[in-house]
Amino acid sequence: MLQVMLRDHNAARAEVGTPALVLDAELSKQALAYAQELASSGRFEHSPNNAREGQGENLWAGTASAFSYERMAAGWIDEKEFYIHGNFPFVSSTGRWQDVGHYTQIIWKNTDKLGCGIATGGGRDVLVCRYSPPGNVVGQYAY
């Protein structure tokens, strides 16, 4: 799973000319722990600790075993359809940065580390990816 996420994230980054990410074991450990927490609790919300930890975070959930890792990553990367190259948060043709926020975190130029974890519970897979340093910084451009 980690190699697929890294490959697909870096392919999206290469399309816009941002440097490749590297896998980070600590980010992956934290992402897995949070994925397990979400899967076991049934909640689906961003971690309140990310901002304090200086990390970005993407979340994905879907029916257990129904989606490939490629499809999970594509769920975020496909947001590029609505991306416009503006300073954050003015980055979406829909007028809502949330419609492209997963994608902008993936391609954010200053982000250089990635960690992901996946857990299953309640009939769904929950994927968490963490990014350092975080993207989606107000007033900055993704690249």
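The values are calculated or read from the model by the stated rules, or taken from the named source; none is laboratory data. What you are looking at is a predicted structure, and each value in this text was computed from that prediction instead of being measured. FYI the Cβ positions are ideal-geometry reconstructions off the backbone, even for glycines, and counts take in every protein chain you see. Surface areas here come from the heavy atoms of the whole protein model, side chains and all, with no ligands, DNA or RNA. Shrake-Rupley method; radii C 1.70, N 1.55, O 1.52, S 1.80 Å.
Within region 52-65, the residues that satisfy the criterion of being out of contact with any His (no Cβ under 7 Å at 6 or more places or on another chain) and in contact (Cβ under 8 Å) with a residue 24 or more places away in the chain are G54, Q55, G56, W60, A61, G62, T63, A64, S65. Every listed requirement among (1) within 19 Å of V137 (Cβ to Cβ); (2) open to solvent by 70 Å² or more (accessible area, probe 1.4 Å) is met by V100 save one, (2).
Can you tell me which of V4, V16 is surrounded by fewer than 20 Cβ atoms within 10 Å (Cβ to Cβ), aliphatic (A, V, I, L, M), farther than 15 Å from M72 by Cα and at pLDDT 95 or above? So that I can check it myself, show each step before the final result.
Details: V4 fails: farther than 15 Å from M72 by Cα.
Only one candidate passes the filter, namely V16.
Can you confirm whether S92 is open to solvent by less than 60 Å² (accessible area, probe 1.4 Å), at pLDDT 95 or above, polar (S, T, N, Q) and within 12 Å of the chain's Cα centre (by Cα)? Spell out the reasoning first.
Details: open to solvent by less than 60 Å² (accessible area, probe 1.4 Å): yes; at pLDDT 95 or above: yes; polar (S, T, N, Q): yes; within 12 Å of the chain's Cα centre (by Cα): no.
No, not satisfied.
Of all the criteria given as (1) under 25 Å from R43 (Cβ atoms); (2) touching a Leu at 6+ places or on another chain (Cβ under 9 Å), the one not satisfied by Q105 is (2). One residue stands out in region 25-55 among those that are open to solvent by 60 Å² or more (accessible area, probe 1.4 Å), within 16 Å of the chain's Cα centre (by Cα) and over 17 Å from C116 (Cβ atoms): the one that is modelled with the highest pLDDT, namely E45. What's the total number of residues in region 1-36 that are out of contact with any strand residue (DSSP E or B) (no Cβ under 9 Å at 6 or more places or on another chain) and of a type in the set (D, E)? Residues meeting the conditions: 2. Looking only at region 56-74, residues that are open to solvent by 60 Å² or more (accessible area, probe 1.4 Å) and either on the phi > 0 side of the Ramachandran plot or polar (S, T, N, Q) (or both) come to 2 in all. Summed over region 105-133, residues that are farther than 17 Å from V22 by Cα and open to solvent by less than 40 Å² (accessible area, probe 1.4 Å) total 5. Only one of the numbered conditions (1) touching an Asp or Glu at 6+ places or on another chain (Cβ under 7 Å); (2) modelled with pLDDT of 95 or more is violated by W76, and that is (1).
Conditions (1) over 11 Å from the mean Cα position of the chain (by Cα); (2) assigned to a helix (DSSP H, G or I), marked per residue:
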residue	(1), (2)
A73	no, yes
Q98	yes, yes
H102	no, yes
I118	yes, no
L127	no, no
R130	no, no
G135	no, no
V138	yes, no
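Are any residues in region 75-89 open to solvent by 70 Å² or more (accessible area, probe 1.4 Å) and not aromatic (F, W, Y), and if so, which ones? Across region 75-89, the qualifying residues are D78, K80, E81, I84, H85.
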